[in-house]
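These notes are about the structure you will find just below.
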Amino acid sequence: MSDPPVRDQQVAAEHAADPPVFMLLNEIAIIEHLARNRLERALPEGLRLSHFIVLNHLTRMGDGRSLARIARAVQVERPAMTNTIQKLEARGLVRTAPDPKDGRGKLVFLTPAGRAARAGAVGIAEASVCAVDHGLAEAEIAVILPLLRRLRSALDRARDAED
């Protein structure tokens, strides 16, 4: 069995051969996994990550989204999204209304309580991540963020083109 430094060098050499875009997406996936787990542990009692994702999506993209569109955006099956929306509605965090363009569909709207719950969760997320010395200055984040948004936008367009 090789000693750890030799093994670490072998692993690093194998990963160096990976395409750069794969290495980037792999790093993002690992960061997302670590941040997600940290946030899940920090969310208030009864607010699940799937709930926060919907509240955050509606805040970011705007009220009045169809349930089907939200499901597609967060890439879950429609029955799972229906369940999440029902739980959020029961807690008074969203309200639904019939979709005038689709008699069978529903539109989802944030309530003031939903906006407050999302804002509270963002505060918790910030405190949770800030507790970790991430080694990035605000100026570095300002450089990285537009690049990540461009990548996310390209992936959004690719997903939408497949639908």
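Name the longest site-free stretch of the chain, where the excluded sites are GluC sites (Glu not before Pro) in a DSSP loop with no more than 15 other beta-carbon atoms within 10 Å. Between the exposed loop sites, the longest stretch runs 78-163.
Computed with a 1.4 Å probe over protein heavy atoms only, the accessible surface of the stretch 56-155 comes to 64 Å² per residue. If only the Cβ of Lys and Arg carry +1 and only the Cβ of Asp and Glu carry -1, the dipole of the chain around its Cα centre is close to 1040 debye.
In the chain, a dipole from Cβ-located charges (positive for Lys and Arg, negative for Asp and Glu) runs towards its positive end, and of Gln86, Ile31, Ile124 it is Gln86 whose Cα lies farthest in that direction. In the stretch 12-114, the portion of solvent-accessible area held by carbon and sulfur atoms comes to 57 percent [1.4 Å probe, whole percent, DNA, RNA and ligands not counted]. Using only the alpha-carbon atoms of the chain as identical scatterers, what base-10 log of I(q)/I(0) does the Debye formula give at q = 0.09, 0.19 Å⁻¹? Taking Cα atoms of the chain as identical point scatterers yields -0.42, -1.34. Under the rule that an exposed site lies in a DSSP loop and has at most 16 other Cβ atoms within 10 Å, name the longest stretch of the chain with no trypsin sites (Lys or Arg not before Pro) of that kind, not counting the sites themselves. Counting at most 16 other Cβ atoms within 10 Å as exposed, the longest clean stretch of the chain is 102-163. For the chain, the relative contact order comes to 20 percent (Cα pairs under 8 Å, sequence separation of at least 6). Once Rg and the Kirkwood radius are both taken over the C-alpha atoms of the stretch 61-149, their ratio Rg/Rh works out to 1.10.
Does the stretch 53-101 classify as rounded, prolate or oblate by the C-alpha gyration tensor (a ≥ b ≥ c root eigenvalues; a/c under 1.5 gives rounded; else a/b over b/c gives prolate, otherwise oblate)? It is rounded, given that a/c, with a ≥ b ≥ c, falls under 1.5.
The values are calculated or read from the model by the stated rules, or taken from the named source; none is laboratory data. The structure displayed is predicted, hence computed values, not measured ones. Backbone-built Cβ (ideal geometry, glycine too); neighbour counts: all protein chains shown. Surface areas here come from the heavy atoms of the whole protein model, side chains and all, with no ligands, DNA or RNA. Shrake-Rupley method; radii C 1.70, N 1.55, O 1.52, S 1.80 Å.
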